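Novice: Below are the structure tokens for one structure; questions will follow.
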Amino acid sequence: MMNAKRIQRLLEIAYPLCLDIKRQKKHISVILRKGRIVSIGCNRFKTHPQAKEKGYMFEEMHSELDAFLKLDAPERGLVLFNARFNSFGQMRMARPCERCMPWCVGAFSEIWYTTDEGVMLHGESLLPLNIVLPHQEKHANEEVFTIP
């Protein structure tokens, strides 16, 4: 199980990567093993035979598949962390889609993803970690949860 400090660090890694994606939906998937990053993927227009097998629209790579295919070999104990941000640096829903979730449940021991309200562990309750990242301005009416 990840702690708040690790989640914050993953968000700090994912945020600038999301901004670099040249498409409307900016998803980043980070795969960890024993607490270390072993792969990072993003959604891309590139097609792939496995994307076709999974029924992805236009056979384009989803970030989960992109990261998974970069692994040397699938292993046990992998953790998936999905992040999505809007152009204002606010977290948005990054839950794996209905085509990704079934194979992700089989491939990963934990699946974490951002939502509009915080970060969630698949099958568990919401962790309200609304973190203000360096490039994001805090508005007067927003509540920000500090991470120890």
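Novice: Only one of (1) of a type in the set (Val, Ile, Thr); (2) closer than 18 Å to ARG9 by Cβ; (3) touching an Asp or Glu at 6+ places or on another chain (Cβ under 8 Å) is not met by THR47, so which one is it?
Specialist: Every listed condition holds for THR47 apart from (2).
Novice: Something else about it: Quick check: anything in segment 33-50 in contact with a helix residue (DSSP H, G or I) (Cβ under 9 Å, 6 or more places away or on another chain), surrounded by fewer than 16 Cβ atoms within 10 Å (Cβ to Cβ) and without any contact (Cβ under 8 Å) to a residue 12 or more places away in the chain?
Specialist: Yes, segment 33-50 contains a residue that is in contact with a helix residue (DSSP H, G or I) (Cβ under 9 Å, 6 or more places away or on another chain), surrounded by fewer than 16 Cβ atoms within 10 Å (Cβ to Cβ) and without any contact (Cβ under 8 Å) to a residue 12 or more places away in the chain.
Novice: For residues that are under 17 Å from ASN43 (Cα atoms) and polar (S, T, N, Q), scanning just segment 86-114, find the one that is modelled with the lowest pLDDT.
Specialist: SER87
Novice: Which count do you get for residues in segment 88-118 that are in contact (Cβ under 8 Å) with a residue 40 or more places away in the chain and of a type in the set (Gly, Ala, Ser)?
Specialist: Going through segment 88-118 one residue at a time, the tally reaches 2.
Novice: Next question, about the same structure. Would you please list the contacts, defined by Cβ atoms under 9 Å and residues six or more apart or on different chains, that run from a residue in segment 2-21 that is free of Cβ contacts under 8 Å to residues at least 12 places away in the same chain to a residue that is outside any loop (DSSP other than H, G, I, E, B)?
Specialist: ASP20/CYS42
Novice: So is GLY89 more than 18 Å from LEU121 (Cα to Cα) and in contact with a helix residue (DSSP H, G or I) (Cβ under 6 Å, 6 or more places away or on another chain) or not? Walk me through it before giving the result.
Specialist: Numbers: more than 18 Å from LEU121 (Cα to Cα): yes; in contact with a helix residue (DSSP H, G or I) (Cβ under 6 Å, 6 or more places away or on another chain): no.
Spelling it out, it is not the case that GLY89 is more than 18 Å from LEU121 (Cα to Cα) and in contact with a helix residue (DSSP H, G or I) (Cβ under 6 Å, 6 or more places away or on another chain).
Novice: Can you tell me which residues in segment 34-80 are on the phi > 0 side of the Ramachandran plot and modelled with pLDDT under 85?
Specialist: Selection gives GLY55, PHE58, GLU59.
The values are calculated or read from the model by the stated rules, or taken from the named source; none is laboratory data. None of these values were measured; they are calculated from a predicted model. All Cβ positions, even for glycine, are placed from backbone atoms using ideal geometry, and neighbour counts span all protein chains on display.
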